[in-house]
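Trainee: What follows is a single structure, and I will ask about it in a moment.
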Amino acid sequence: MRSIHLQHFRCYSDLRLQLKPGINLFVGDNASGKTSLLRACQYMLSSFFAGFSDEYTKWLSFGDDDFQQEFQRGKQLDEQPISISFDPSDLIQRLSPEYLEEQGTLGEQVLEKRSAKNRRALTGGFKAYRSYAQWLQSHYYDRETARQSYPLPLFAYYSVEDIHSNRKLSLQPFSKTTSKFSLGYLECLEGDGFLRYWVHRLLVLAERDPEHSELGFVRRQMLEILGAEGCGLFYDMLIRPIKREVVFVTPDGREIPTSFLSEGYKRIISMSLDLVMRSYLLDYPIYGDETCRHITGTVIIDEIDMHLHPRLQAEILPVLHRCFPALQFIVSTHAPMVMSGVQSDGTNIVYRLRCSSEAEYSLEEATTYGLDISTLVECLWELAPRSHEVSSQLAELFRAIDAGDYQKARELLQRLRQAFPDGELKELTRADTLLRLMQHPPRL
């Protein structure tokens, strides 16, 4: 997606935002508007399913809590219509350029809901995009040649609840060796808790058809993400239908079943496997083994740093972008290590989100690539004024963490805590978290 314009949506009265085709990273403290912005993007992506519709797709509409609450002189004002405008032209150009040649540019599309009393959003504002999605559904597969004619876009959303979600789905769709293309869209924008279902599918395929192309494809792509050329976490991935387990082999030879992985590793595997499985289901007949490199679409990840060691925080986004170079990533974080790994250029951008004391929400482009932790903490968070001595001690603390001098960092941290026993320095909490993660990485 090229752009998005929010009006009266949750905390945003009027916000225009340009999106880049690669990584769009949103940085900010809690209550800075990150989750609301991602929610708007979720609705934007879901509008595709107002046209492309079957038993595996779901069009998400605005909820009552998406209406902006405004107060004046102690009175709550009447709700204003929600409006989300977006431009899907780049997506259509990548998928089926001849459609734009015949129909012309779609222009700005608008999702709108005028009142909480309405059941669904109005479709008139994005009629052209809805018509395109209907056209794609009827043309992506050629029955005469029995071949896929057009690629399908991938859409996904991963929240902070992903690995803790107690999702209850029927296993039947995941148990078929031959599946519909649209299985790749099954609750894709509410994609939390899918790990056990994809593991089940791999075990079923391995038991019934060990030579199935999906098995080899998934294993190769997962190792590209997680192996030596990716995050460097695992040496191999083993699918064992008799023992009913999928196992990941560490560089030192340990075999870790998915059910015994740490939360951080489990979240990386859950997201990666979900992307790989959906990519295969949607576009493998067109792209074959190069599917992950060519599939287009948009992926939303909330708090990508959640549960991750700082090394992985810095690596995971660049690795995912390298393995899925045609996907657009819309991601939120408040972790300095994630920010330092994203370079703002023609493909990627970092936005700093802010909320003023008057509850006005805004954002601005930020340069974070390659900056050390101390610089990021100082520049991106509005820290309370400090004396020169305290500022110097904080800078020295984060430099020690950057340099790996953890003993010195612990001594500096203890000294500052003694000077500020009531927790006035919120930077100390960040420093303590970084130290614990650096010194004691999460266990597999």
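Trainee: How high is the relative contact order of region 166-295, in percent, counting Cα pairs under 8 Å that sit 6 or more residues apart? Walk me through the intermediate numbers first.
Mentor: Working: 150 pairs, mean separation 33.0, N = 130.
Averaging sequence separation for qualifying contacts and normalising by length gives 25 percent for region 166-295.
Trainee: Please report, to two decimal places, log10 I(q)/I(0) for region 166-295 at q = 0.12, 0.13, 0.22 Å⁻¹ as given by the Debye formula with identical point scatterers on the Cα atoms and no solvent.
Mentor: Log-scaled intensity ratios, in q order: -0.43, -0.50, -1.58.
Trainee: First select every other residue whose beta carbon is under 11 angstrom from the beta carbon of Ser179; then total the charges, Lys and Arg +1, Asp and Glu -1.
Mentor: On the way: positive: Lys176, Lys180, Arg201; negative: Glu214.
Local net charge: +2.
Trainee: So what is the relative contact order for region 1-114, in percent, with contacts set as C-alpha pairs under 8 Å and at least six apart?
Mentor: On the way: 155 pairs, mean separation 35.9, N = 114.
Worked out over region 1-114, it gives 32 percent.
Trainee: Under 5 Å between amide hydrogens, which residues at least 5 positions from Tyr351 or on another chain qualify, with H placed 1.01 Å from N in the peptide plane?
Mentor: Leu25, Phe26, Val27, Ala366
Trainee: What is the calculated FRET efficiency for Glu144 to Asn166, with r their C-beta to C-beta distance and R₀ = 56 Å, to the nearest 0.05? Don't skip to the answer; put the middle values down first.
Mentor: On the way: r = 45 Å, r/R0 = 0.80.
About 0.80, to the nearest 0.05.
Trainee: Moving on to the next point. I need the calculated FRET efficiency for the pair Lys176 and Ser115, taking r as the beta carbon distance and R₀ as 60 Å, to the nearest 0.05. Display every interim value, and only then the final one.
Mentor: On the way: r = 42 Å, r/R0 = 0.70.
After rounding to 0.05, the efficiency reads 0.90.
Trainee: Using packing as a proxy for protection, rank 11-20, 187-196 so that the peptide with the highest average count of other Cβ atoms within 10 Å comes first. Show your work: numbers first, answer last.
Mentor: Numbers: 11-20: 16.0, 187-196: 20.7.
Those peptides, ordered most packed to least, come out 187-196, 11-20.
Trainee: Continuing with the same structure: If I histogram all Cα-Cα distances within the chain using bins 10 Å wide from 0, what percent of pairs lands in each bin?
Mentor: 4, 19, 28, 25, 16, 6, 1, 0
Trainee: Non-local amide H neighbours of Val342 (under 5 Å, H modeled in plane, Pro and chain starts lacking H): which ones?
Mentor: Gly370
Trainee: Next up: Would you compute, from DSSP H runs of 4+ residues alone, the mean residue ellipticity of the chain at 222 nm, taking -39500 (n - 2.57) per run and dividing by the full residue count, rounded to the nearest 500?
Mentor: Values: 14 runs with 167 residues, N = 444.
Rounded to the nearest 500, it is -11500 deg cm²/dmol.
Trainee: I need the shape label for region 59-185. Rule: rounded when a/c is under 1.5, else prolate if a/b > b/c, else oblate, with a, b, c from the alpha carbon gyration tensor. The partial results should precede the final answer.
Mentor: Working: a/c = 2.90, a/b = 1.41, b/c = 2.05.
It is oblate, given that a/c is not under 1.5 and a/b is not larger than b/c.
Trainee: Highest mean first, how do 103-114, 146-157, 277-288 rank when packing is the count of other Cβ atoms within 10 Å averaged over residues?
Mentor: Numbers: 103-114: 16.8, 146-157: 19.5, 277-288: 21.1.
In decreasing order of mean packing, 103-114, 146-157, 277-288 become 277-288, 146-157, 103-114.
Trainee: Right, next: Roughly how many debye, to the nearest 20, is the charge dipole of the chain about its Cα centre, given +1 on each Lys and Arg Cβ, -1 on each Asp and Glu Cβ, and no other charges? Spell out each step's value before the answer.
Mentor: Numbers: 50 positive and 60 negative charges, 205 e Å.
Once rounded to the nearest 20, the dipole reads 980 debye.
Trainee: Within 10 Å, count the other beta carbons around each residue, average over each peptide in 308-314, 346-352, and list them highest first. Don't skip to the answer; put the middle values down first.
Mentor: Working: 308-314: 20.9, 346-352: 17.9.
Top to bottom by mean Cβ count within 10 Å: 308-314, 346-352.
Trainee: Here is a follow-up. Starting from the Cα of Asp345, move 7 Å in the Cα-to-Cβ direction to define the label point; list residues of region 293-322 whose amide nitrogen is under 18 Å from there.
Mentor: 315-322
Trainee: Let me ask something else. Just need the relative contact order of the chain here, percent rounded to a whole number, with Cα pairs under 8 Å and 6+ apart. Please list the in-between numbers first.
Mentor: Working: 771 pairs, mean separation 81.1, N = 444.
Relative CO of the chain lands at 18 percent.
Just so you know, all these numbers are worked out from the coordinates, no wet-lab data involved. Quick caveat: nothing in here was measured; it's all calculated off a predicted structure. Cβ atoms come from the backbone with ideal geometry, glycine included; neighbour counts cover every protein chain shown.
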